[in-house]
Amino acid sequence: MSVLMALLVSPFNHLSAAPEKSVFRTRAHENYRVAEAAYQLNPTNITQAWQFGRACFDLAEFAENDPIRRDLAERGIGVCRAAIQLDPSNAAANLCLAMNLGQLARTKSLGALKIVREMESLFQKARTLDERIDFGGPDRCLGLLYLEAPGWPASVGNRKKALFHLRRAVELSPNYPGNRLELISALIQLRQPSEASRELSTVRSLWSSAQSDLQGITWEGKWINWEVERRKLEAQLSRELTPASAQPEK
C-alpha cells in the first residue's frame, strides 16, 4: 500500500545500495543489539522498551525480505504493547507501536487496511498524550496517513484532515525540515502550488540553521533524505508553476 511507504519515511530511502547504505545498516544492527540487551536486563523499564521498539522499526527498514521485516515488526509490536500495558499514557510507546504496525502492514497484501485503522487510533492517542514528541511526529504521521490512505468507506483517507495535521506539525516544530517537506509534497499533490512555493521559500531560509541544530551521527541519514527530497520538490514545483505554453515539448 502506498500509504505505508509514504508514512514510514525512512532516513535511508535515498541511500545508494553500497557502500553508503551498508554503513547505516551496520549502525541499525548495532543500535538494535544495544537496545535489545538493555531491554532484556530490565523489561519493565518503559523507556528501554519503546527504544527497543524503535530499534526494531529502524532495522526493519533494511530487511531484505518480508519474513525478516515481519519478524522485526512483530518484536517491536510486542515490546511496545507490553510497555503500554505498564503505562498506557506513554506517548513514545504508542507512537512506536503504530510505526511497527506500519512495518507489519507492508508485508501484507490482505488485512493491511485493518492495521491502518489501528495505526490511526494510536497516532491520535500519542498526539493527545504529547503532540510535540518527535518534532510533532503524531500530527506528521496522521497527515501522511490521511493523505495516502484510500478514502471512506474503504479506509481513513481524508485530504482535509491530511493538510490540517501536516500544517499542525509545522506549527509545533517549524524548524524541523521533515515537517515542511512533507507539507510541501502534500500541497503539490493536492494542487496548491502557491502555498507550496511559500513553504519552500521558508525551507530554504531555515536550512542552514537546521543543519547547525541537527548534527551528529543520528542525523546523517535524515539529511541525505531531506536533501534529495528538497531537490525533487523544487523540480516538481517548478513544473507546476511554469505555464504549459512555456514548457518544452516532449
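The numbers here are math on the coordinates, done by the rules we state, and not lab data. Since the model is a prediction, treat every value here as computed from it, not as a measurement. Counting neighbours? That spans all protein chains shown, and the Cβs are built from the backbone with ideal geometry, glycine included.
Summary table
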quantity	calculated
In order through the stretch 197-211: 3J(HN,Hα) via Karplus (6.51 cos²θ - 1.76 cosθ + 1.60), integer Hz, x for Gly, Pro	5, 5, 5, 5, 4, 5, 4, 4, 6, 9, 4, 5, 5, 5, 5
Distant-in-sequence amide H partners of residue 61 (H built 1.01 Å from N, under 5 Å)	none
Choice from 139, 87, 213 with maximal GNM fluctuation in the chain (Cα, 10 Å cutoff)	213
Viscosity 0.890 mPa s, temperature 25 °C, Stokes-Einstein D of the stretch 64-141 from Kirkwood C-alpha radius, µm²/s	195 µm²/s
Cα-centre dipole for the chain with unit charges at Cβ (Lys and Arg positive, Asp and Glu negative), debye to 20	520 debye
Rounded Å value of the spacing that divides the Cα centres of the stretch 201-230 and the stretch 108-177	22 Å
For peptides 157-163, 94-100, sequence by mean Cβ density within 10 Å, most packed first	94-100, 157-163
Stokes-Einstein diffusion coefficient of the chain, Kirkwood radius over Cα pairs, 20 °C, 1.002 mPa s, in µm²/s	113 µm²/s
Residue (of 163, 233, 53) at the positive-pole extreme of the chain, dipole from beta-carbon charges	163
